[in-house]
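As structure tokens, the structure follows; a few thoughts come after it.
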Amino acid sequence: MEIFLQGGTWVALLTLTLLEIVLGIDNIVFISIAAGKLPKNQIKKATRIGLLLAMLFRILLLLGVTLLIAMQDPFYTIHLSWIHVGITGQSLILVLGGIFLLYKSTKEIHHKIEDIPVEKTTKKKLASSLNAVILQIVLIDIVFSFDSVLTAVGMTNGVEGALTIMIIAVVISIIIMMLFATPIGNFVNKHPTVQMLALSFLILIGFMLITEGAHLAKAEIFGQHVGAIPKGYLYFAIAFSLGVEALNMRLRKKVKN
């Protein structure tokens, strides 16, 4: 515990905790939308299970960080006249996760636009629905946890007691997210325009995960290397869009009054 007598440890812990919260917002949005289809008495349960699983996956990935880093070695390569790719474990997880996000978000947008009614469910179907939602949350938790851990490992590289700091930061960030997950979920599901905006963000994040996976695979298409999209650009776009939507909500409220 001597590491906590050093000022640098607390700076790293605070920075990493804030980073985990920022990266976890994507996870909260997805969990909120997925759990929003459940009855009100089960939304909180599904949300808490989802966040606890996210914490579990991140801690397990941190404990297996050596294996995680080893997954950057290509296990299959593609060499064609127009494309060169060295597929790694890391890139495969990110690309598959991005495709899943694109599929799920597009499907949800389609349901919202077409106004597809929710079927009346029996207890058996209700249990099945809850299990399906938890399965979706588990799948996306793995992807977001993977991305979060890779970022955390890169930030704490060379810091004394890095593993301990990362685990503590994950636990603190998940506890904070649990406190705010229900209000955020209620707000997103209560306002259709915000929900549509959130689904659009998930499409952007899905695309970002695919490009990041291609970047890790050192993909080269028609002689051009695929670069990773800086997360700062994405979060700025999200913050700007939310700011515009907040002004629109105030304007709509003012018009009603």
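No lab work stands behind these numbers, since they all come straight from the coordinates. Model, not experiment: these values are computed from the prediction. Neighbour counts run over all protein chains shown; Cβ positions are idealised from the backbone, glycine included.
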Report Rg (one decimal) and Dmax (nearest whole number) for the stretch 177-232, counting Cα atoms only, units Å.
16.2, 48
Using a/c under 1.5 as the rounded threshold, could you call the stretch 34-97 rounded, prolate or oblate? The axes a ≥ b ≥ c are square roots of the C-alpha gyration tensor eigenvalues, and prolate needs a/b larger than b/c, oblate otherwise.
oblate
How much length would be gained if the chain were fully extended between residue 236 and residue 224, taking 0.36 nm per residue of separation minus their Cα-Cα distance, in nm to one decimal?
1.7 nm
According to a simple spin-label model (label point 7 Å from Cα along Cα-to-Cβ), what is the distance in nm between residue 135 and residue 78?
2.7 nm
State, to one decimal in nm, how far the label point of residue 193 lies from the label point of residue 99, with both points 7 Å from Cα in the Cβ direction.
3.6 nm
Report the full-extension gain for the segment residue 14 to residue 249: residue separation times 0.36 nm, less the Cα-Cα distance, to one decimal in nm.
81.3 nm
Listed peptides 179-188, 240-249 by packing density, highest first (mean Cβ within 10 Å):
179-188, 240-249
Expected sort for 197-204, 31-38 on mean C-beta neighbours within 10 Å, highest first, is 31-38, 197-204
